[in-house]
Amino acid sequence: MAEAIATRLIGPQLGEKLEQYVYRCLHNDLLRGRLAPGERVNERDIAQRLRVSRAPVSRAIKRLEVEGYLQAVPRWGTYVRKISVREYLDMFEVREAIEVCAARRAAADMSDPDLDQLRAIADKFADGGELPIEESKSFVRYTDIKFHTRVLEGCGNSMLGGVMRGIFPALTSYFGYSWPDLPEQDRHWRRGECKLMVRIHHEYADVLAERDPDHAEAIVRKHVREKLHQFRELIDRGMVSLEEQVDTATAGYGRPAASIAQQSV
């Protein structure tokens with residue numbers, strides 16, 4: 001969280017257009033879960049907090065709408081898009097296909113320095129177990145996406161990353177289901193879960209280093225299907241309704257976004 005806030009306070013990077021700067025700030029909040037499904041995104045508030053005009057904010061918001069993160073609801077405003085349960089199930093199918101292709105390519109083409117970067121990212125999961133619960137969720141979500149994005153970047157196929165970005169809205173929201181609501185004192189579960197994430201992602205990096213595309217494919221399929229199995233268990237236990245859908249015409253949208261408005265100062 002501190003990193004995200006610091007990014008805003010520093011301002012745009014050298015040569016960075018304001019539209020890209022605003023997009024980067026909002027996208028970072030979305031990936032970290034600081035802008036949650038159903039939260040309203042207020043163009044004026046964002047412009048004030050980032051000390052920019054409304055024009056680059058408007059363009060950044062439009063870009064995030066196209067990418068599926070935000071949704072404009074007539075007469076209501078723009079909100080972080082909610083994802084239906086059926087979309088989550090579709091996401092797993094698409095994710096498996098993309099990551100299998102990327103893993104096979106990465107096993108053949110990813111450089112040793114890139115593999116070392118993957119291991120370094122995998123080690124970072126352990127830090128999430130020491131954070132307060134909401135920060136822990138945010139940190140693990142961000143680290144997981146960073147790891148898999150790095151695989152996509154290093155696999156040698158630039159098109160795969162673009163396709164994967166299409167399911168990021170569902171992938172980021174998935175953590176809201178996959179991590180239970182626990183008392184703040186329950187660090188033991190979080191530490192154990194974060195250590196498991198370290199082990200799983202080190203296994204992923206190690207199998208890529210073996211330069212065996214078939215083994216890499218098997219590990220990726222196992223990883224994604226275990227996540228799908230966990231999600232289906234939530235459905236079977238009645239914790240998630242398969243028929244749960246988003247009603248964009250009702251007040252299901254309406255909670256004002258606090259992330260930019262309150263945490264950027």
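The values are calculated or read from the model by the stated rules, or taken from the named source; none is laboratory data. Here the structure is a predicted model, which means the values were calculated and not measured. Every residue, glycine as well, gets a Cβ built from its backbone with ideal geometry; the counts of neighbours run over all protein chains shown.
Some values worked out for this structure:
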quantity: Checking residue 72 against (1) at pLDDT 95 or above; (2) outside any helix (DSSP H, G or I), the condition it does not meet; calculated: (1)
quantity: Answer residue from the stretch 1-55, given it is polar (S, T, N, Q) and at pLDDT 80 or above and is nearest to residue 141 (Cα to Cα) among those; calculated: 28
quantity: Residue count for the stretch 84-115, restricted to those that are closer than 13 Å to residue 150 by Cα and without any contact (Cβ under 8 Å) to a residue 24 or more places away in the chain; calculated: 1
quantity: Residues being surrounded by 16 or more Cβ atoms within 10 Å (Cβ to Cβ) and either in contact with an Asp or Glu (Cβ under 6 Å, 6 or more places away or on another chain) or free of Cβ contacts under 8 Å to residues at least 60 places away in the same chain (or both) - total across the stretch 60-72; calculated: 5
quantity: Positions within the stretch 137-181 being of a type in the set (Ser, Thr, Tyr), surrounded by 16 or more Cβ atoms within 10 Å (Cβ to Cβ) and at pLDDT 85 or above, in sequence order; calculated: 142, 143, 149
quantity: The one condition in (1) surrounded by 17 or more Cβ atoms within 10 Å (Cβ to Cβ); (2) more than 26 Å from residue 160 (Cβ to Cβ); (3) of a type in the set (Gly, Ala, Ser) that residue 107 fails to fulfil; calculated: (2)
quantity: Looking only at the stretch 45-59, and only at residues there that are in a helix (DSSP H, G or I) and not hydrophobic (A, V, I, L, M, F, W, C), the one that is surrounded by the fewest Cβ atoms within 10 Å (Cβ to Cβ); calculated: 54
quantity: Residue within the stretch 37-44 that is surrounded by fewer than 16 Cβ atoms within 10 Å (Cβ to Cβ) and assigned by TED's automatic domain parsing to the domain that holds residue 211 present; calculated: no
quantity: Positions within the stretch 182-202 being at pLDDT 90 or above and over 22 Å from residue 231 (Cα atoms), in sequence order; calculated: 202
quantity: So residue 102, is it small (Gly, Ala, Ser), within 30 Å of residue 218 (Cβ to Cβ), out of contact with any Gly (no Cβ under 6 Å at 6 or more places or on another chain) and buried (at least 17 other Cβ atoms within 10 Å of the Cβ); calculated: yes
quantity: Test: residue in the stretch 66-74 that is of a type in the set (Asp, Glu), within 16 Å of residue 149 (Cβ to Cβ) and not assigned by TED's automatic domain parsing to the domain that holds residue 153; calculated: yes
quantity: Residue match in the stretch 127-135 (condition: surrounded by 20 or more Cβ atoms within 10 Å (Cβ to Cβ), part of a helix (DSSP H, G or I) and modelled with pLDDT under 85); calculated: no
